[in-house]
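Asks: First, the structure itself, so that you have it in front of you.
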Amino acid sequence: MDNTDDILVEFIIEAREILDQLDLDFVLLEKTPDDKKLVGNIFRAIHTLKGSSGFFAFKRLEKVTHAGETLLGKIRDGSLALDKQKTSLLLVTLDAVREIVAAIEATHAEPEGDNAQLIEDLLNLANGVTLADKKLNEAVQAIPLPKDLLNLANGVALADKKLNEAEQAIPLPIEPAKEAIAQILEAAIPTPPPDEPATVATNSATSAPPAAAQELSVETLQEIAQPVKVNLDLLDKLMNLVSEMVLARNRLLPFAADFGDHHFSGAVRTIDLLTQELQERMMMTRMQPISQIWSKFPRLIRDVSNECGKQVNLVQDGEDTELDRTLLDAIRDPLVHIIRNCIDHGIETPEQRAHLGKPATGQVLLKASHENGMVVIQIADDGGGIDFDLVCQKAIEKKLLTAEHALTLTDIQLLEYIFLPGFSTKSVVTNLSGRGVGMDVVKTNIAKIGGSIEIDSPRGLGTNICLKIPLTLAVMPALFVRCENERYAIPQNSIVEMVRLDLANDSSGLEDFYGLPVFRLRNKLAPLLLLNHQLNLSQKFPGKDAVINIALLQSGGIQFGLLVDEVLNMQEVVVKPLGPLFSGSTDFAGATILGNGSVALILDVAGMANNSGLVAKIQARPLNPVQIAAEVTVEQIPMLLFELPGLEFTAIPLECVDRLESFTVEKIQKNGKREVVQYGSGLMHLLRLNEYIDGASPTPVKSQEPLSVIAHYVNGLPMGLVVGKVHDIIQVPQIMQETNSQQRGLKGCVILNGRVINVIDVQEILRMRRIQDNEIMVYPDNEQSEVAVIDWKMVQ
Amino acid sequence: MNNAGDYLTFSLGKFSFGIIATEVLELNKNLSVTHVPKSPETVRGIANLRGQLVPAIDMYKRLGLDNTTGQQETIAIILKSKGMVVALLVDSVGEIISLEDATFEPPPPNFPAMSRELVFGVHKLTSRLLLMLDHTKIIQGINGSKK
């Protein structure tokens with residue numbers, strides 16, 4: 001047994017589960033054929049099955065499911081109606097799949113022989129079935145026929161009837177179908193000849209496996225030690241019990257310390273240790289490294305990239321990151337989808353890549369890490385990124401938006417369309433993608449487990465998809481806050497920080513920004529939501545001199561403050577769903593039971609941000625969020641504060657300061673009119689700032705003090721700015737006070753602690769210097785021409 | 001629906017009600033209910049029943065009655081309604097009685113519409129009228145998205 005066997009066993013178990021569920025779903029679907037959601041579910045299940053078989057290279061299975069999926073796809077988008085015949089056909093397809101799965105399980109234990117048969121079938125299929133979807137549909141209809149004579153008879157009637165119905169969507173030639181039936185009739189029990197594609201499909205689907213598998217499966221089932229499947233409910237209950245036990249132990253511990261009875265203490269210590277171990281082991285049953293699912297990806301990538309004719313290299317990082325088993329299961333399919341997308345849509349063909357100057361082999365990065373109590377999984381590729389123009393075009397085609405509206409949308413807003421069910425930019429349905437199942441499934445699956453998905457796709461530079469998954473579903477740390485006598489829990493992973501604001505002492509207090517209350521946090525503006533308003537508890541608004549508690553929260557890239565009455569404690573909570581009666585509530589993510597038996601509600605930060613209109617307000621501005629953030633917040637920049645003769649407080653942006661130097665007067669030498677000092681292996685020109693700035697006094701004559709010099713590199717050459725005395729680095733707002741009339745050499749000034757600080761304009765000073773030099777020197781040397789280039793850009 | 005059987009009686013203000021006893025799981029006197037903001041009006045909140053979260057239904061509101069007693073309900077009937085466990089907040093609980101078809105009458109036509117949805121009939125007993133509640137309808141019509 002090699003290690004792929006484990007995965008295979010898992011695959012078989014999964015396939016069985018899917019098939020069982022599909023049986024039920026189909027029967028249900030027959031009763032309610034209009035249930036779009038159910039059709040979607042079935043479609044996805046088949047899709048999953050196909051995907052899994054794809055990466056095991058079970059071509060036969062893949063093809064059968066692909067055909068089934070095609071028919072279902074037609075039903076899903078309404079071009080075909082589901083009737084009894086179609087349902088039974090699909091059910092028979094399921095039977096065929098089931099038999100293939102059984103055969104796989106059997107051959108898995110079988111020696112070489114049967115594999116050869118399988119490969120032959122596969123090759124025949126690969127050669128024969130280069131059919132379009134329509135013909136595959138035909139193949140689906142051919143599958144049920146060989147079951148037995150009764151079925152066969154039905155099949156003929158069925159096929160004929162179907163044809164008579166003249167379904168224009170699928171012009172189904174009668175003759176091939178009849179031929180296929182006739183051939184199967186002839187070949188009733190022996191294996192049909194493998195030269196006719198339809199029969200190959202039916203052969204592989206039905207007649208071969210049962211004979212081989214039925215005897216074998218009995219033995220093999222007993223041989224393979226199936227992993228024990230424990231009901232998750234049971235596991236959860238055990239988990240809860242263990243947590244309760246930990247609490248009970250905690251109550252016991254102080255008693256032991258107080259009593260001082262040796263025997264009692266000994267017994268308590270034993271319980272303590274046992275409980276601890278129990279808890280650890282319990283956690284271990286749930287936590288598993290992500291490599292469990294990742295180990296399948298190299299193969300997947302190999303196969304998919306071969307199929308697309310692309311070269312892809314997979315880089316994995318952080319494969320020992322652990323997360324809850326249930327979550328692991330839940331993210332596997334989304335990850336497979338995303339990776340396939342990366343290769344199929346993202347990475348270009350080697351020729352295209354060479355043309356773009358990228359290495360022929362594309363890179364896919366898979367990275368997992370723990371961050372703020374979440375597992376962050378990053379899937380990045382260096383392909384072409386999302387084709388936003390195509391997304392836009394498809395959205396217009398599908399009448400999801402109007403052409404005029406489309407023009408106003410940013411790339412980020414267009415991203416939303418990718419997540420809509422049935423949306424695909426691929427015009428041709430291929431085995432890999434184009435059916436429009438995919439990103440919507442990814443999003444629903446991730447959202448279902450409380451995770452989020454972020455896509456960053458700069459045009460032409462690749463796609464970076466970030467999944468944030470909670471570590472575990474069962475327990476999460478939360479902060480308790482009070483609002484109007486009720487306790488609420490805020491999930492810790494959305495809390496950035498806690499702020500206590502004394503409005504009486506804070507000069508700014510709460511302000512109004514586009515109708516939204518905002519507060520200042522370290523001179524940045526942050527929007528504020530009032531919990532009591534959000535929950536319709538009261539209309540109270542904090543007074544002018546109140547001391548308020550704010551939890552700074554983060555959701556979907558938006559930071560906002562949540563005003564609460566009181567901040568209580570931090571505690572691990574067990575999340576329980578609120579149940580269907582509260583399904584309309586988007587403010588709560590669930591509830592938890594506190595130590596005293598009462599119930600506390602857990603706030604849904606993202607839902608609340610949405611409800612409040614905060615998200616809409618920010619998204620409504622057709623700018624990218626970075627610019628919005630820049631608008632809301634006043635950026636601070638560091639500056640170096642120094643003195644000039646006559647100007648006590650002068651500052652230069654720190655980014656213009658490369659080094660601080662000090663030179664004695666003796667070191668200054670002359671190069672023509674200019675002062676220079678030896679600096680490193682070359683020369684540094686000195687520039688006396690006070691000569692270029694309005695309001696500064698001339699340099700004191702014959703001062704013997706060492707010169708303080710700010711070295712500023714212009715195109716790799718040092719320029720020494722001579723200043724009086726260097727003080728400190730200060731933080732000043734980026735937006736400066738406009739000086740009434742522009743002062744020479746000054747960009748403007750800022751007010752800090754009541755002092756006016758002049759900020760020098762380095763570019764202008766350099767420009768003045770150049771003009772001066774040019775007046776003198778007819779033939780500019782290298783350095784000056786380089787400076788000239790910079791200045792020219794500046795002027796632009 | 002068969003109108004005979006064992007019924008649990010309870011009262012809300014001056015009204016007496018009956019509800020099928022076989023679906024009643026337990027009676028609970030000290031159920032502490034946590035209010036869920038923005039939930040439907042008929043749902044008082046959510047309560048912890050030994051680790052299980054159950055919605056607590058305000059039966060006055062559910063039946064469209066005014067609580068004129070000026071007091072909080074004292075007892076909760078824990079009941080299974082359509083596979084879901086709910087707590088019905090009522091003033092007091094009486095006894096379990098066996099009822100015969102003979103005393104049953106369909107609801108009078110002048111019955112308020114809100115109650116008519118839930119009350120499938122009346123049992124005329126010697127001392128009082130017993131309004132019969134259909135337990136399956138209790139959570140029906142509570143719209144989760146209603147503010």
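Read-outs throughout are calculated quantities, based only on the coordinates presented, and are distinct from any laboratory measurement. None of these values were measured; they are calculated from a predicted model. Positions of Cβ are backbone-derived with ideal geometry, glycine not excepted, and every protein chain shown enters the neighbour counts.
Asks: Which shape class, rounded, prolate or oblate, goes with segment A:291-470 when its Cα gyration tensor gives a ≥ b ≥ c as root eigenvalues, a/c under 1.5 marks rounded, and past that a/b bigger than b/c marks prolate?
Replies: Note, shape of segment A:291-470 comes out oblate.
Asks: Averaging the inverse of every distinct alpha carbon separation and then flipping it gives the Kirkwood radius. What is it for segment A:362-401, in angstrom units?
Replies: 12.8 Å
Asks: Gain in length, residue A:313 to residue A:258, computed as 0.36 nm per residue apart minus the alpha-carbon separation, to one decimal in nm?
Replies: 13.5 nm is the gain from fully extending residue A:313 to residue A:258.
Asks: Turning to a different aspect of this structure: Please give the length that would be gained between residue A:637 and residue A:547 if that part of the chain were fully extended, namely 0.36 nm times their separation in residues minus their C-alpha to C-alpha distance (nm, one decimal).
Replies: Using 0.36 nm per residue and subtracting the Cα-Cα distance, I get 29.4 nm.
Asks: Here's something else I'd like to know. Report relative contact order for segment A:636-770 in percent, whole number only (criteria: Cα-Cα under 8 Å, sequence separation at least 6).
Replies: Worked out over segment A:636-770, it gives 30 percent.
Asks: Okay, moving on. Can you pull the one-decimal nm distance between simple spin-label points at residue A:744 and residue A:449, each 7 Å off the Cα toward Cβ?
Replies: According to this spin-label approximation, the distance is 6.9 nm.
Asks: Once you've got the GNM for chain B with C-alpha springs shorter than 10 Å, pick whichever of B:45, B:64, B:83 has the biggest mean-square fluctuation.
Replies: So, out of B:45, B:64, B:83, the one fluctuating most is B:83.
Asks: Also: Give me the number: length gained by fully extending residue A:35 to residue A:751, i.e. 0.36 nm times residue separation minus the C-alpha to C-alpha distance, one decimal in nm.
Replies: My answer for the length gained is 251.1 nm.
Asks: For chain B, what is the mean residue ellipticity at 222 nm derived from helices alone (per DSSP H run of n ≥ 4: -39500 (n - 2.57); sum divided by total residues; nearest 500 deg cm²/dmol)?
Replies: About -1000 deg cm²/dmol.
Asks: Relative to a virtual label point 7 Å from the Cα of residue A:250 in the Cα→beta-carbon direction, which members of segment A:558-598 show backbone nitrogen distances below 13 Å?
Replies: Only A:569-574, A:594-597 pass the distance filter.
Asks: How would you rank A:713, A:692, going from fewest to most other Cβ atoms within 10 Å of each one's own Cβ?
Replies: By the 10 Å Cβ count, ascending, the order reads A:713, A:692.
Asks: Counting just the Cα atoms, what span does chain B cover along each of its three principal axes? Round to the nearest Å and put the largest first.
Replies: For chain B, the Cα spread along each principal axis is 44, 31, 31 Å.
Asks: Also, I was wondering about something else. Just list whichever of A:74/B:82; A:50/A:398; A:37/A:63 have alpha carbons separated by over 28 Å in the model shown.
Replies: A:74/B:82
Asks: Let me ask another. Can you give the % of DSSP beta bridges in chain B that are antiparallel, to the nearest 5?
Replies: Around 85 percent of the beta bridges assigned by DSSP in chain B are antiparallel ones.
Asks: I want to check the label-to-label distance for residue A:731 and residue A:699. Put each point 7 Å from Cα in the C-beta direction and report it in nm to one decimal.
Replies: Between residue A:731 and residue A:699, the simple spin-label model gives 3.6 nm.
Asks: Which is the longest stretch in chain B that no exposed loop site breaks, taking sites as GluC sites (Glu not before Pro) with a DSSP loop state and at most 14 other Cβ atoms within 10 Å?
Replies: B:42-99
Asks: Scan around residue B:25 for amide H atoms under 5 Å from its own, H built in the peptide plane at 1.01 Å from N, and keep only partners 5 or more places away or cross-chain.
Replies: For residue B:25, the qualifying residues are B:78, B:79, B:80.
Asks: Rounded to the nearest 0.05, what FRET efficiency is calculated for residue A:405 and residue A:459 with R0 set to 25 Å and r the Cβ-Cβ distance?
Replies: 0.75
Asks: Out of the chymotrypsin sites (Phe, Trp or Tyr not before Pro) in segment B:13-105, which ones are loop residues according to DSSP with at most 11 other C-beta atoms within 10 Å?
Replies: Answer by residue number: there is no such site.
Asks: Given a Förster distance of 35 Å, report the FRET efficiency between residue A:660 and residue A:524 from their Cβ-Cβ distance, rounded to the nearest 0.05.
Replies: 0.75
Asks: Another question, if that's okay. Using the basic label-point model (7 angstrom from Cα toward the beta carbon), what is the residue A:583 to residue A:273 distance in nanometres?
Replies: The answer from the label model is 5.1 nm.
Asks: A further question follows. Set the Förster radius R0 to 25 Å, insert the Cβ-Cβ distance between residue B:72 and residue B:140 as r into 1/(1 + (r/R0)^6), and round the FRET efficiency to 0.05.
Replies: So, using R0 = 25 Å, E works out to roughly 0.45.
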